[in-house]
Amino acid sequence: MPIRFLSNGLISILFLLSCASCQPSRSVSNAGLYSATGKTPEIQWASWQEETFRAAQERDVLILLDLTAVWCHACHVMDETTYSDPSIVAVLNSRFISIRVDTDQRPDIEARYRHGGWPTTSILLPTGEIVFQGNYLEPEDLKQALEESEKLYRENKETLLSQAANIWASVNAARKARSQPTTVIQSKMADQMRVMIEQNFDQVNGGFQDFPKFFEPDAITFLFGRYHQSQDDALKRMALLTLQQQRKLVDPVWGGFYRYAEKANWTQPHFEKMLHLQAMNLQNYLEAYQVTGDIVYREVVEETIHYARRFLMDPQETGFWASQDADIKEMTGSQRLVMEGEKYFKLGIEGRLAIGTPSVDRTIYTGWNGIMLKSFLKVHQVLPSQNLLPITLKMVNHLYRHRYEAGKGMAHREVNGQPQDFGLLRDQVWFAGALVEAAMTTGKTDYIEKAEQLTKDFVALLEDTQGGGFYDRPDRSSAEGLLKFPHKSLKENLRAVMLLLDLYYVTEDSFYRDVAERTLQYVLSSSDQLPLGLSGLAIDRFVRYPVNVVVVGSRSDKQTGRLFEEGLKLYAPGKIVRLLDPKVDSLTIGDITFPRIKESTAYICTDTICSQPFHQATEFFMRYQDVMKQAS
């Protein structure tokens, strides 16, 4: 994607490459507990909207864009320092238009403007193209960047505007010339992903890069799936060592995972706790428990659930909140006291409670809720004693009822009770995934019907039928700045592939496989760096037919329920679980028609073979082993 459009020979790279204070780091302040004025910064922040850009063009002034996050430590410090500096306030209010965007509220803006990390500080042309980008900036650095950018604009305005117009002309020409890739998808491509993951693996500390250390849940899932197929202990070792080391990022008092670690050995954490990271780690540690039977992994699952329910779940059970801050803020008269997470999270429970708890962003984002609800459903399948099913289905139903509109898809969030920002790809894919998981967990086909409608909506809205793949947002007549740029996230496209293949394997509708194939061909032909774990998962999902667990019997029969519950518990990565009631459901799946037998019956099938019918829940593992031996 285009970044720093207009820096070629026109703006000093001093700011872009040499500014020591531009790097987002927990060390931007050395204070552990310090006081500040508490005075609200007087910058006249504008929102991202058409009127704001029109005002910038009418006034012929540059735009300062602050891409921030409510959980971001460096953002808090920059608010306390740079954006509270009177000279900065004066310059911005008199000579610039300032826009502040919350990165979680607007992932489409983040995708086009984020530069490394948070905060991202950008100076834009009045039409929104990038002149300068940095991250955390001290007051003197920001002031210099503003003055240099303004000088550049005044002295080279026609050249800059001409360059911007030429870039958009090139973008539009490239769009017209694009064509659908025809890559042949082969299993050896997933083998290549495995090799590259092994090459990147940190043999000492776990994880898949030196430092900083981020969670890579898709790589863990891919390794476990490959281990299950091959019984190659090296794959299991990579996954388990990583999960063991990642436990250093678990809050020892309240549970929940911090966002990432600066050091290779998973130390020096950034203490924010993000909903989607809790969700993905839940699935990883649950799978580790299934693979090993080690109670340690189950305990991590239970601690994470406890954290999420205590700190991130809306008491009305309408959804999960987005994140918990790293820092403590407390208002005392005109003074604001701030304790950084680095000091706070070293305290025990009594010390923490004496100070307070980090604030929680109570926004309920659809996509992040989708992945958390799916994780809760998966936990219920394996650990039904957690009693998660009722509240999880309540939240799935509530969000679908309040945020789905036919033809528009799911809204990203609600503002004053009104759904906002429909059709973002991430929201559609992750929430549809929760609907599919709800169908498999309950055996109720109405969830599949909802998932199908939602998926067909976003395919119609977002698929690039000429060049392949999905755009991240619907095409709108009004798009400011780089929102005009047609962005396709490889990660989100791969997650869409996984969803589409799930629907294909459940419904046998070739429409979903065809779209999945076109999308995967687009991703694999990309010149951008592929996310290895997720790519491997999507390729394997495309080329390998999943195990099907089929239970035939009356839904009201206790024996049917026992068989269904045991089928859900069976560890078979990527399995499809179906409950067929002869009174209401067709007993035909593909070329197989299951017989009507009076007694509740279970089957385990691949694309080539089915087990003999069996009636006892205790037989599942043995029958599964027999089928896999015959299939191989």
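Between segment 423-453 and segment 524-589, how many Å separate their Cα centres? Here the answer is 14 Å between Cα centres.
Is the shape of segment 170-279 best called rounded, prolate or oblate, per the rule: a/c under 1.5 gives rounded, else a/b larger than b/c gives prolate, else oblate, with a ≥ b ≥ c the square roots of the Cα gyration tensor eigenvalues? The shape class here is oblate. Taking the Cβ of residue 471 as the center, what net charge do the other residues with Cβ under 9 Å away carry, scoring Lys and Arg +1 and Asp and Glu -1? Residues close to residue 471 contribute a combined charge of -2. Dividing the alpha-carbon radius of gyration of segment 488-590 by the rule-of-thumb value 2.2 N^0.38 Å gives 1.30. Taking other residues whose beta carbon is less than 10 angstrom from the beta carbon of residue 258, and scoring Lys, Arg as +1 and Asp, Glu as -1, yields +1.
Fully extending the segment from residue 343 to residue 584, taken as 0.36 nm per residue of separation minus the present Cα-Cα distance, adds 80.8 nm. Among the lysines, select those whose C-alpha is under 19 Å from the C-alpha of residue 456, and discard any that sit fewer than 8 residues away in the same chain. List returned: 408, 488. Computed from the Cα positions only, the extents of the chain along the three principal axes stand at 82, 63, 48 Å, in decreasing order. Across the options 146, 551, 409, the greatest Cα extent toward the positive end of the charge dipole of the chain (unit charges at beta carbon of Lys, Arg, Asp, Glu) belongs to 551. Compactness check for segment 535-610: Cα Rg over 2.2 N^0.38 Å is 1.18. Of interest is the spacing of the C-alpha centroids, which for segment 128-179 and segment 205-236 amounts to 40 Å.
For the chain, build the charge dipole from Cβ charges (+1 Lys, Arg; -1 Asp, Glu) around the Cα centre, then report which of 447, 98, 241 sits farthest towards its positive end. Most positive-ward Cα: 447. As a ratio to 2.2 N^0.38 Å, the alpha-carbon radius of gyration for segment 132-222 is 1.87. Over the chain, dividing the summed -39,500 (n - 2.57) contributions of all DSSP H runs of at least 4 residues by the number of residues returns a 222 nm mean residue ellipticity of -15000 deg cm²/dmol. Its Cα centre serving as origin, segment 338-432 has a Cβ charge dipole (Lys and Arg +1, Asp and Glu -1) of approximately 240 debye. In straight-distance terms, cross-link reach from residue 236 covers every one of the lysines whose alpha-carbon lies under 28 Å from its own, apart from those fewer than eight places away in the same chain; here that gives 188, 213, 248, 263, 273, 374, 378, 491, 569, 575, 629.
All C-alpha pair distances within segment 62-196, sorted into 10 Å bins from zero, spread as 11, 32, 26, 17, 11, 4, 0 percent across the bins.
The portion of the accessible surface of the chain made up by carbon and sulfur, rounded to a whole percent, is 48 (1.4 Å probe; DNA, RNA and ligands excluded). Dipole check for segment 375-427: with +1 at the C-beta of Lys and Arg, -1 at the C-beta of Asp and Glu, and the Cα centre as origin, the magnitude is about 100 Debye.
The values are calculated or read from the model by the stated rules, or taken from the named source; none is laboratory data. Model, not experiment: these values are computed from the prediction. Note that each Cβ is placed from the backbone with ideal geometry, even for glycine, and that neighbours are counted across all protein chains shown. Surface accessibility is based on the protein's heavy atoms, side chains included, excluding ligands, DNA and RNA. Shrake-Rupley method; radii C 1.70, N 1.55, O 1.52, S 1.80 Å.
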